[in-house]
Amino acid sequence: MRYHTGHLDPGEDFRQAALRETEEEAGLGADHLNILDFQRKLEYHTNRGQKEVVYWLAELKDINTKVRLSDEHQAYRWLKLDEAKAIAGYKDMQETLMIVEKYLKQ
């Protein structure tokens, strides 16, 4: 069985789902973001089966844009790379953060 974080609604691709989920969970719509030409797919095995997650890289157009978290979240923080890697927990997520840093420095 395969399923997707946040799931894909009928007719959606990963990018559309990512934008929808970002708006639902953080109140940030496509009009708030510059979406960069970067994505990374990670796969995990869980007790419910195989899980596939596609991460997209985006930046806020205006750093003063207010984040409005959904009930699924308690808090958020903007972190420097080393802090993000320290709390990421999983090796593949830490690798993803380092790959993003390299991408941004190009």
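Since every read-out is calculated from the coordinates, none of them should be taken as a lab result. Keep in mind it's a predicted model, so treat the numbers as computed, not measured. No Cβ is skipped: glycine too gets one built from the backbone with ideal geometry, and neighbour counts run over all protein chains shown.
Which of the following values of P(r) over Cα pairs in 10 Å bins from 0, in percent was calculated from the structure shown: [x] 12, 39, 42, 7, 0; [y] 15, 34, 25, 16, 8, 1; [z] 16, 47, 26, 9, 2, 0?
[x]
Projecting each Cα onto the charge dipole of the stretch 2-72 (Lys/Arg +1, Asp/Glu -1 at the beta carbon, about the Cα centre), which of ILE35, VAL67, VAL53 comes out farthest on the positive side?
VAL53
LYS61: which aspartates and glutamates have alpha carbons under 12 Å from its alpha carbon, excluding same-chain residues fewer than 8 sequence positions away?
Counting by Cα, and skipping residues close in sequence, LYS61 has these aspartates and glutamates nearby: ASP31.
Please work out the FRET efficiency for the pair ASP31 and GLN94, using the Cβ-Cβ distance as r and a Förster radius of 35 Å; give the result to the nearest 0.05. Write out the running numbers ahead of the final one.
Values: r = 31 Å, r/R0 = 0.89.
Efficiency computed from Cβ-Cβ geometry: 0.65.
Run the dipole for the chain about the Cα centre, Lys and Arg Cβ at +1, Asp and Glu Cβ at -1, nothing else charged, and hand back the magnitude in debye, nearest 20. Write down the numbers at each step before the final one.
On the way: 16 positive and 20 negative charges, 75 e Å.
Computed about the Cα centre, the dipole is about 360 debye.
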